[in-house]
Structure formats: structure tokens, C-alpha cells
Amino acid sequence: METTSPTALTDLVRRAQKGDEDAQRELIVSYQHRVAGFVYAITNRSDYVEDLSQQVFIKMVRALDRLQAPAQFESWLFRLARNTCIDQLRRQKLRRIFLPFGEEHENIPEPAGAVDTEELDALRHALAQLRPQDRALLALVQEGRSHAEISEILETSVAAVKARLHRAREHLREHYQPTHET
Amino acid sequence: MKPEDRAWADLQRQAAVHLRHGFADRVLRAARGPRATAWRQLYEAAAARLRPGFAERVLRAARRVADLPSLSSQLALSAATAALCLGAVLYFHNRALEQADARNLAEWQKIVDAAREIDTSGL
């Protein structure tokens, strides 16, 4: 929603809250690419993107009337997206306890470099080395969320966010070594 | 060139052979971390995974989910059914007890009457 002013966005959210389907559709279309990228950054799995993005927007449509401050829509949406991704990864981890052979089937490596550029491939490789929580933190920064907003989303202090972000960036840089390149 | 200088140059050449092509770029990239373009490519790759008609599919799915009874309403219905069953069991149990009591009292009354009759006839 880069081109929409905050007032227009607030109006759109208010209309969507009243059940206006056109407004809901407009919100989805406006944010679908950003949410998809966000989901990809956290899960590092392109095959999760469509399903998880869909889950995020279904939750959005269903819970929109409970959003009390329409101006906070973006923060709220990315909090939903973050929690949906983290829940999915937790569920997947739990499933692995009961289905020990599932991991091999779930973690089939994507064909790196098939369509990716070298830069994207290196970024994906580096992200894969990070914890999902740290990937979420970096993705929130990429989404332009401020430290204060991130601290609200993660329900922690701004100082803690800064410290965690510093560590996450260090780790990302550390693993952004193209050692897997040919 | 002195022999030791030549040896140093040989050493450097030998070491340089082990550096793969694009070494400087890799070092710079590792030092800087991923650039904004890498993140943009990641987002573009993700966006490309969404099939056309994504918004319509989401809205349809949201409507379907909305038509389903919520978990709380399902729980309330289950609780109400359980309460109704329990109430019915208690009601029939009480009725059966009352009927058994009435039957027993009638039997006792018969015995009492018979005993009274024996008493009066004996006198």
C-alpha cells in the first residue's frame, strides 16, 4: 500500500470492517505481495507461501472487526502474518516428533539457482541458518516497521528488539557467505 | 630478484590459486550483508508463487469459514446436549425411584392391613 495515504488506508480498513467485500478485496490485493514476501522470508519455503498467505488473509477478514485502531492496520496485519508463520513452523516441529520420517519429505531442498539469482540464493541460504524468530525480526524491518512497532508486535522492550536485531543482522551477515556457490 | 623474494612471490602465487573466481565480490558482499536488491528479489519470488485470483480465493474461503459454526458455539451446543441428557437421566431415575417407593409403600400397607386383620380377629 505504498501509494495509498494513511487516511485513505484508514477509510479502506473502516469500510472493510463493516463487511464491504470490495474494500476487503482491495486490502488483500494491496498487501498480498508484501505478505507473501514476509511469509517466504520467515518460513524460507516457497511452497508454503500461497497457503500461509491465504491463512493470514482469512484471519484478517474474520478478525478485522475486532481491530480497534484502523490506523494500526499494517502492524496488526504483519503481527497476524508473523504469528501464523511461527505457529505453522511449531506445528511442523511437533509433527516431526510423532512422524520421524516426515522431516526428510518436508525438507526437500528447493532447486537452488534454478530460477534464483546468485544474490537471492545467498540470501535464502543465509536466512535458512537463522532461527524463525530472527527471520521474522529481519522481515519486519524489511517491511518498514519501526523498533517501537516491532516491540509491540513481539511484546517486548525496544531495547530488547535492538539487541536481538543487532544479533540477527550479525548472524545473517556471517552466513551471507557464498560458500555454497560454484 | 633475490631468492627469498622469489620464494615469497611463489608462495603468493600458490596461495592465490586457491582463491576462487569473484573472491573480492564475495568478501565485499559478506562484509556488507544482503543488499536491498536481494530482499526485493526474495519478495518478488514469493509474489510469483501466488496464483492468479488469490484475493477471490481468500474471500471465498473466508465466507466458507464464516458459515461454519464457531468452536465456542459448538462447545455450547455440546454442553447443552450433555446437560439435557443428564437432566433426562436424573428425571427418569427419580421417577423410577418414586414408582418403586409407591410400590413398596403399597406392599407394606397390604402387610400392615393383613397384620391388623390378624390382630383384630385374634382378639
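The values are calculated or read from the model by the stated rules, or taken from the named source; none is laboratory data. Note that the structure is a prediction, hence the values are computed from the model and not measured. Cβ coordinates were reconstructed from backbone atoms using ideal geometry, including for glycine residues, and neighbour counts include every protein chain displayed. Note: areas computed on protein heavy atoms with side chains; ligands, DNA, RNA excluded. Shrake-Rupley method; radii C 1.70, N 1.55, O 1.52, S 1.80 Å.
Here are the numbers for this structure:
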read-out	value
Per residue accessible area of the range A:58-99, 1.4 Å probe, in Å²	58
Accessible area, probe 1.4 Å, largest first, for residues B:Asp25, A:Asp87	B:Asp25, A:Asp87
Karplus-derived HN-Hα couplings along the range A:73-90 (A = 6.51, B = -1.76, C = 1.60, θ = phi - 60°), whole Hz, x at Gly and Pro	3, 4, 4, 4, 5, 6, 5, 4, 5, 4, 5, 4, 5, 5, 4, 4, 5, 5
Mean separation of Cα contacts under 8 Å (6+ apart) over length of chain A, as relative contact order %	22
Fraction of accessible area attributable to carbon and sulfur, the range B:77-123 (%, probe 1.4 Å)	67
Estimated vicinal HN-Hα couplings, Hz - the range A:145-159 in sequence order (Karplus 6.51, -1.76, 1.60; Gly, Pro = x)	6, 6, 4, 5, 5, 4, 5, 5, 4, 8, 6, 9, 8, 4, 4
Reduction of at least 50 Å² in accessible surface, 1.4 Å probe, comparing all protein chains with the chain by itself, residues of the range B:26-53	B:Arg29, B:Ala30, B:Pro34, B:Trp39, B:Gln41, B:Leu42, B:Tyr43, B:Ala46, B:Arg49, B:Leu50
Label-point separation, B:Cys85 to A:Arg131 (7 Å along Cα→Cβ), nm	4.5
Loop-exposed trypsin sites (Lys or Arg not before Pro) per DSSP, neighbour cap 14 Cβ within 10 angstrom, longest uninterrupted part of chain B	B:36-123
Interface B:A - total buried accessible surface [probe 1.4 Å, Å², rounded to 100]	3400
Within 10 Å of each Cβ in A:42-49, the average number of Cβ atoms from other chains	2
Accessible area per residue in Å² at 1.4 Å probe, computed on the range B:77-123	91
Percentage of interatomic Cα-Cα distances in the protein assembly as shown larger than 28 Å	58
Average partner coverage of B:14-25, which counts Cβ from other chains inside 10 Å	1
Estimated FRET transfer efficiency when R0 is 41 angstrom, pair B:Leu71-A:Asp11 (beta carbons, to 0.05)	0.80
Accessible surface of chain A, 1.4 Å probe, proportion on carbon and sulfur as whole %	51
Per DSSP, loop trypsin sites (Lys or Arg not before Pro) in the range A:13-104 with at most 14 further Cβ within 10 Å	A:Lys18
Coil-residue GluC sites (Glu not before Pro) of the range A:1-103, DSSP, other Cβ within 10 Å capped at 12	A:Glu2
Other protein chain Cβ atoms within 10 Å, averaged over every residue that makes up B:96-104	0
Residues of the range B:13-35 with amide N under 19 Å of the 7 Å Cα→Cβ point at B:Met1	B:13-19
Centre separation in Å (Cα based) which lies between the range A:1-67 and the range B:1-63	31
Accessible-area order (highest first, 1.4 angstrom probe) of the listed residues A:Cys85, B:Cys85	B:Cys85, A:Cys85
Cα gyration tensor of chain A - equivalent ellipsoid semi-axes, whole Å, descending	30, 19, 17
Amide hydrogen neighbours beyond the local backbone of B:Arg35, cut-off 5 Å, H modeled	none
Order of exposure, largest accessible area first, which applies to A:His175, B:His93 with probe 1.4 Å	B:His93, A:His175
